[in-house]
Amino acid sequence: MPNTLPPLGDGHDLAREVVALRAHVAELQRRMARYDLAGETREMSGLEVSISEREELLVTAERIAHMGSWVWDVEHQKVSWSDELYRIFGCDPETEPGSYERFFQAIHPDDRERVREASHQVESTGEAAATVFRVLRPDGTMRYVQTDGAVIFDAQGKLRRIVGTILDITERHESELELAAARERLARAERLEMIGRLAGGIAHEFNNIMTVIHGGAELLTPGAPPDVAVLTQLKAAVASARELTTRLLAFGRQSTLRPQRVDPNQIARDTARLVARILGENVTVELELDPACPGAVLDPHLTGQALVNLLINARDAMPDGGRIALATNHGGPPEAPYVELIVRDQGPGIADDLRDRIFEPFFTTKPEGQGSGLGLAMVQGAVEQQGGSIVLASGPAGSEFTLRFPAAATAPAPAAPAPLLDAPGHATPGHHRILVVEDQDSLAFMVERLLRNAGHSVWVCTSPLEALELYRERRAEIDLILSDVLMPDLSGMELVERCAELGPLPRVLFMSGYGAEALRTVGEDRVVLPKPFTKAELLDTIAAVMDARGP
């Protein structure tokens, strides 16, 4: 019989080295016993010394590596543990001999069944896989361990024994937990930093706007002739505030979507025509349209606004002018086709260290006062809210932004259902009796003034409970309920439901500054007028609702 043993490894794969050593020693011991029984014992002293030396090396290696080993004799249902395994399990080998059941008793109850299933898997398939579980020691402490093993068959292919190792990975596990906690703290700090930039950017933008509005209000002296220039600046400031809130809602994926089946090529054409004068004479937008590009279900306004932001950024990347390509494309497997809207410039590209930050809110490389830093954050939000994605490719030859959306079904999509409009009242054309429910006093006042100036009769309630009482008394006179969505005591939808309990409803129109959240609250079949709105938008939407048309 050859007197050779596998060499002790250098620790790179110590678990499998120990398994191999244990298996080899067990096999040599089996052979020795066989020779003894057959009366063929001869020149065994050298081998015994070799085995003893190897066992000593094995014990030392296990102690250094905090790794115990075991052998399960399947045929005789006997289990042997190494000294280090007793130490890992916190057991005394003299009082608690190692056994199959003792092993499972030490496993944490929440992990026990999983380890049993892994053990049965080894017996049935002959293949072992590493398993991580927890061990509860008699003193109440817990250790994290990883077990691995190997299966030994006899010449007839019968399973004889399973040998394995158990590595104490508690320190490594705790280090991993500490690393994960550190990463979470870093992520939290980065989120707080982003929120801080967001808050600072919003404050900066709105402070400028509020300064214009406050100063303009002080210049409009009561009794004096209206200053047209001041009024113009006031309207411009309000328009800026509205644009900022629109971008913030898009960034937060809270825009009020009005999706419809659209032609991406037509969106590209309309956008190119819209920005022709904005971009300047030294910048050319060239359309590269895919004639086979299928349709998509998108909000055309929000998608076009995203493209406008990308085109303006592309212009700013080329201060000396150049060519911007606005392209469409399509692709994907038959079961998941997609369409693409692509903006490609000839600028210097985006630096590698900035690519991960360009979509952060209020992050901008432009000089102070030349950009809010919300453009790309808005674009990303608008795209992702519609189920799409945005991809950046950038190099010395320029940058390319690709907006990818799911393609619409080949067959024409059914027409969107008309907003749910209730039975008409008894109003005369152009004059309606309107119950306004708005909990903000100043806004309620302004809406009332706008409606009365337009010739409507108005009741105003700043509490939904007050509005419910008024509706009980005068519901036969009311043609339209114009209600905010989120209010104290009752939401707008809850108010309408309570009114519906009293009989057929008049027309209903909601108004809200919460974007998509408002639609989720009142349902997609209701009409929501987004705040802020102009006088024309308010009156046009009311007219459309009263005519039983969607706005």
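The values are calculated or read from the model by the stated rules, or taken from the named source; none is laboratory data. Quick caveat: nothing in here was measured; it's all calculated off a predicted structure. Cβ placement follows ideal geometry from the backbone for every residue including glycine, while neighbour counts extend to all protein chains displayed.
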Helices (runs of 4 or more DSSP H) lying entirely in the stretch 58-148 (those with 3 or more residues that are in the same structural domain as R161 (by TED's automatic domain parsing) and within 41 Å of the chain's Cα centre (by Cα)): 109-125
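Okay, residues lined up against (1) surrounded by 21 or more Cβ atoms within 10 Å (Cβ to Cβ); (2) free of Cβ contacts under 8 Å to residues at least 12 places away in the same chain; (3) at positive phi; (4) among the hydrophobic types (A, V, I, L, M, F, W, C):
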{"position": "G68", "(1), (2), (3), (4)": "yes, no, no, no"}
{"position": "D73", "(1), (2), (3), (4)": "no, no, no, no"}
{"position": "V79", "(1), (2), (3), (4)": "no, no, no, yes"}
{"position": "E84", "(1), (2), (3), (4)": "yes, no, no, no"}
{"position": "I88", "(1), (2), (3), (4)": "yes, no, no, yes"}
{"position": "P93", "(1), (2), (3), (4)": "no, no, no, no"}
{"position": "Y100", "(1), (2), (3), (4)": "no, no, no, no"}
{"position": "I107", "(1), (2), (3), (4)": "no, no, no, yes"}
{"position": "D111", "(1), (2), (3), (4)": "no, no, no, no"}
Only one of (1) closer than 23 Å to A544 by Cβ; (2) at pLDDT 90 or above; (3) out of contact with any Phe, Trp or Tyr (no Cβ under 9 Å at 6 or more places or on another chain) does not apply to L482, and that is (3)
Kindly indicate whether G304 is in the same structural domain as G398 (by TED's automatic domain parsing), in a loop (DSSP other than H, G, I, E, B), at pLDDT below 90 and not aromatic (F, W, Y). no
Taking L435 and the conditions (1) surrounded by 22 or more Cβ atoms within 10 Å (Cβ to Cβ); (2) under 39 Å from the mean Cα position of the chain (by Cα); (3) not charged (D, E, K, R), which numbered condition does it fall short on, given that it satisfies the others? (2)
I'm trying to understand the selection: among the residues of the stretch 78-116, which are touching a strand residue (DSSP E or B) at 6+ places or on another chain (Cβ under 8 Å) and of a type in the set (S, T, N, Q)? S80, S82, S99
Conditions (1) part of a helix (DSSP H, G or I); (2) modelled with pLDDT under 75 -> A418 fails only (1)
